[in-house]
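Comments concern the structure below.
The values are calculated or read from the model by the stated rules, or taken from the named source; none is laboratory data. As the structure is a prediction and not an experimental result, all values here were calculated from the model. Reconstructed Cβ throughout: ideal geometry from the backbone, glycine too, with neighbour counts over all protein chains shown.
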């Protein structure tokens with residue numbers, strides 16, 4: 001019998017332990033009984049979980065995600081996280097209960113995502129919520145795909161963000177985002193300052209925006225908190241702020257929080273924006289589809305991994321205009 005979970009998240013189950021992967025926490029449906037939590041990526045549900053989970057049970061994340069959470073908390077871009085956070089290291093098998101877990105570095109368009117290979121007494125499973133074929137780290141994706149392929153996995157569990165859209169759209173690449181900023185600057189040659197709404201959840205993308213803006217002689221003036229984030233990840237680079245403005249009289253882009261946006265200013269919106277307050281605040285721009293695959297890309301991916309079974313969980317953080325094969329909608333409680 002297929003068990004459809006109201007919260008729609010992966011559960012790895014053995015006699016010794018029960019692990020929840022990327023659980024969705026809400027008032028209507030309590031979390032399933034569990035011993036451990038794994039958060040593989042950042043999205044609205046993850047932020048909501050971090051704000052509302054009240055337990056001392058271990059919550060495993062990647063080292064990169066832990067580093068980002070700590071730095072964002074330090075500069076007040078995230079509320080203090082009351083979680084028992086632990087690192088799941090890359091490419092090193094960790095025994096949790098009687099399940100062996102190996103994490104792989106991934107790229108889903110945000111910072112610190114990972115995919116998981118789980119080996120239990122009866123099953124071998126690969127799990128990746130989503131991946132970004134047009135991002136900066138294609139080699140990361142290639143490595144975990146190879147790892148899954150070589151393990152001859154029984155189940156492959158995926159998030160529905162990668163499923164093809166009902167109406168196919170051109171997927172934006174990281175290079176395309178930089179081109180959008182260049183076009184924005186070219187279109188708004190004005191003495192009035194421009195503004196930008198950017199996500200703090202990918203310092204690599206912020207760094208590239210900074211370089212692109214400087215190349216186009218319209219440097220970004222960073223908010224103090226964002227400046228601290230950038231400086232902590234790139235301590236040997238120079239970034240402009242209100243306390244350190246460009247010496248030359250030049251056009252500028254002022255990076256601001258949405259609540260402080262200047263109504264009469266032309267604003268560049270980060271196409272991949274994911275904002276700390278997006279869970280509870282209406283009217284915030286939502287993250288565009290980055291990880292959607294074409295049907296041929298999805299078929300090629302599944303053919304290469306060659307699992308015995310594919311299971312897809314419907315994603316609560318994005319719109320539902322994805323073509324999810326009905327036979328992939330199976331129980332997300334896996335006995336390992």
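Here residue 218 meets each of (1) under 21 Å from residue 266 (Cβ atoms); (2) surrounded by fewer than 18 Cβ atoms within 10 Å (Cβ to Cβ) with one exception, condition (2). Can you confirm whether residue 242 is farther than 26 Å from residue 176 by Cα, at pLDDT 85 or above, touching a helix residue (DSSP H, G or I) at 6+ places or on another chain (Cβ under 8 Å) and not assigned by TED's automatic domain parsing to the domain that holds residue 50? Judged against the criteria, residue 242 is a match.
Scanning the range 33-50 for any residue that is closer than 11 Å to residue 332 by Cβ, at pLDDT below 90 and in the same structural domain as residue 61 (by TED's automatic domain parsing) turns up nothing. Checking each residue of the range 156-168 against the condition of being surrounded by fewer than 18 Cβ atoms within 10 Å (Cβ to Cβ), touching a residue at least 12 places away in the same chain (Cβ under 8 Å) and farther than 30 Å from residue 331 by Cα gives no match. Residues that are at pLDDT 95 or above and surrounded by 15 or more Cβ atoms within 10 Å (Cβ to Cβ) number at least 3 in the following strands (runs of 3 or more DSSP E) confined to the range 69-150: 84-87, 99-105, 114-119, 124-128. Just wondering, is there one or more residues in the range 190-199 that are assigned to a loop (DSSP other than H, G, I, E, B), more than 26 Å from residue 135 (Cβ to Cβ) and in contact with a strand residue (DSSP E or B) (Cβ under 6 Å, 6 or more places away or on another chain)? Checked the range 190-199: at least one residue is assigned to a loop (DSSP other than H, G, I, E, B), more than 26 Å from residue 135 (Cβ to Cβ) and in contact with a strand residue (DSSP E or B) (Cβ under 6 Å, 6 or more places away or on another chain).
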